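What follows is a set of notes on a single structure, which appears directly below.
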Amino acid sequence: MEQEESRPPAQDDATAKPWQQEVAAPLEIDCSAGGSIPCSQGAIRHDWQLAEVLELYRSSLPDLIWYAQQAHRRHFPADRVQLSTLLNIKRGGCPEDCGYCPQSARHDSSVHAEPLLPPEEVLAAARRAREAGATRFCMGAAWRELRDRDLPRLTDLVAEVRKLGLETCLTVGMLNEHQARELARAGLDYYNHNLDTSESFYPRIISTRSYEDRLRTLEAVRAAGIRVCCGGILGLGETLEDRAELLIRLASFDPHPESVPVNVLVRVAGTPLAEHEPPDPFDVVRTIAVARVMMPASVLRLSAGRGQMSDELQALCFLAGANSVFYGEELLTTPNPDTEADRRLFARLGIRAENRG
Ligand code: SF4
């Protein structure tokens, strides 16, 4: 009886939730298409309710992966992964107090403040990332916000990295509308600004800025025509409801963020969250699957914490709908799988890197 109830129902079952209706066959859809398509499976929605998201989370894992697979295959080839490389262009000394971050000047970690990297070093790293197969080059700076005096250096970097044939992404703190427009004019493709967790849990992790501040930057980025990269972190001590609320918030954006990084806390000595219990790995898989159902056309990136995942857990994450990874040995300040290990894993799984467009 239990099994019967949890089995994905047939399409004509009137009680089926939208994500439970069966798809006859995968569709061939251009994975660059981000718009809405007229189907219930993998349809774009912005009105997710807490109760239905919790129900989705609590589905049996096989059912949840089935729902996620159907949504995924409506929008993406199931065997592709997009590769982004992240370079820390300005390390440490950040005035913010994000509880998970070793770059905060308020925490006693081993990361110390360094100046912005010279452009030739950044461009050399971008060339190496391109040679290794990355299609997007992300540049992160440990700043609270972008100061106008640093803007020209960043617009120059964006323009130069684009000339290498790479997509560009920046994550340099809060932006105002003018700065976002200037970065868009320079050709910036994506801006990363994570919401991290639910609005109600946020003040337990960060006290030096508000959720509203984050949302304002995201609005400025969107208004400037830059694509949005926005996600969260698992393992901060949040509840299932917090995870659901974060995903509901992300899915409420119209359009959905084009890129959604799913991070798992990397516990770094000297940070307030260093002793936190890591999340159950299956909860990571579930979160990815729920995100895939709720934001079916967004690229879901396995981000921080992948270095601590087994190959088998990463494979489950790909099955659940992850279709992007950070590629390269370091993520800002923490280790990431080496590129050779990633190539071997993709080959074992029959997953191919997305080609440059
Ligand atoms: S996460 Fe970003 S804003 Fe927060 S302390 Fe680290 S570098 Fe600063």
Against the longest principal axis of the chain, how steep is helix 151-163, in degrees 0 to 90 to the nearest 10, with axes from Cα atoms? 60 degrees
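DSSP loop trypsin sites (Lys or Arg not before Pro) in the stretch 127-213 with at most 14 other Cβ atoms within 10 Å of their Cβ, which ones? Don't skip to the answer; put the middle values down first.
Details: sites: Arg127, Arg128, Arg130, Arg136, Arg144, Arg147, Arg149, Arg153, Arg162, Lys163, Arg181, Arg185, Arg204, Arg209; in loops: Arg144, Arg147, Arg209.
Filter output for the stretch 127-213: Arg144, Arg147.
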Measuring from the longest principal axis of the C-alpha atoms of the chain, the long axis of helix 211-223 (C-alpha) lies at a number of degrees, nearest 10, equal to 90 degrees
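Antiparallel as a % of all DSSP beta bridges within the chain, to the nearest 5?
On the way: 2 of 36 bridges.
For the chain, the DSSP antiparallel bridge percentage is about 5.
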Rounded to the nearest 500, what is the 222 nm mean residue ellipticity of the chain from helices alone, with -39500 (n - 2.57) per DSSP H run of 4+ residues and division by all residues? -10500 deg cm²/dmol
Angle between the Cα long axis of helix 339-349 and the longest principal axis of the chain, 0 to 90 degrees, nearest 10? 10 degrees
Taking only C-alpha pairs under 8 Å that are 6+ residues apart, what is the relative contact order of the stretch 80-348 in percent? 20 percent
For Met174, distant residues with modelled amide H under 5 Å away: Glu145, Leu146
Global size of the stretch 223-307 as Cα Rg and Dmax, reported in angstrom: 13.4, 40
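Coordinate-derived values only; no laboratory data. All of these numbers come straight from a predicted model, not from anything done at the bench. Note: ideal-geometry Cβ built from the backbone for every residue, glycine included; neighbour counts use all protein chains shown.
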